[in-house]
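Contents: one structure, followed by commentary.
The values are calculated or read from the model by the stated rules, or taken from the named source; none is laboratory data. Note that the structure is a prediction, hence the values are computed from the model and not measured. Cβ atoms come from the backbone with ideal geometry, glycine included; neighbour counts cover every protein chain shown.
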Amino acid sequence: MDEKKCNCPFCDDETKENLSGICNPCSNELVAKYDKVLDCTGLCCPAPVFEIRKKIDEMKAGEVLLMMADDPASEEDIKAWAERTGNKLLSVNKDKDIFSFLIKKS
């Protein structure tokens, strides 16, 4: 019987080649590649969305941003922002109270 693969971006053959440097929750290995980092910890809604927009505007298409935030609303806010702007949300991870987002600029 074939073992079923996980559907997370870290285990997906199409996206994992773009990732290396943050922890894969499935294997506990460092795997996420990113070009820029944005620390939004301590900021409350809507500040993380404003900051991510400014940072993404500075980046080239195809580059990946690692953004960290501790605002509980940030998970839904960043998902909605990525969908609305056409940027690709590669992953969302939560460790304790810190969210980590990998976003690829379209």
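Tabulated values for the structure
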read-out: Cβ pairs under 8 Å, 6+ apart, first in the stretch 23-48 and within 17 Å of Lys96 (Cβ to Cβ) and at pLDDT below 95, second in a loop (DSSP other than H, G, I, E, B) and small (Gly, Ala, Ser); value: Cys23/Ala32
read-out: Residues satisfying the stated conditions in the stretch 52-106, i.e. under 14 Å from the mean Cα position of the chain (by Cα) and among the β-branched types (Val, Ile, Thr); value: Ile52, Ile56, Val64, Ile78, Val92, Ile98, Ile103
read-out: Residue check for Ala61: part of a loop (DSSP other than H, G, I, E, B), modelled with pLDDT of 95 or more and touching a Ser or Thr at 6+ places or on another chain (Cβ under 9 Å); value: yes
read-out: Selection count, the stretch 36-64, where residues are under 9 Å from Lys105 (Cβ atoms) and either in contact with a Cys (Cβ under 8 Å, 6 or more places away or on another chain) or surrounded by 13 or more Cβ atoms within 10 Å (Cβ to Cβ) (or both); value: 4
read-out: Qualifying positions in the stretch 64-105 - assigned to a helix (DSSP H, G or I), polar (S, T, N, Q) and more than 18 Å from Gly42 (Cα to Cα); value: Thr85
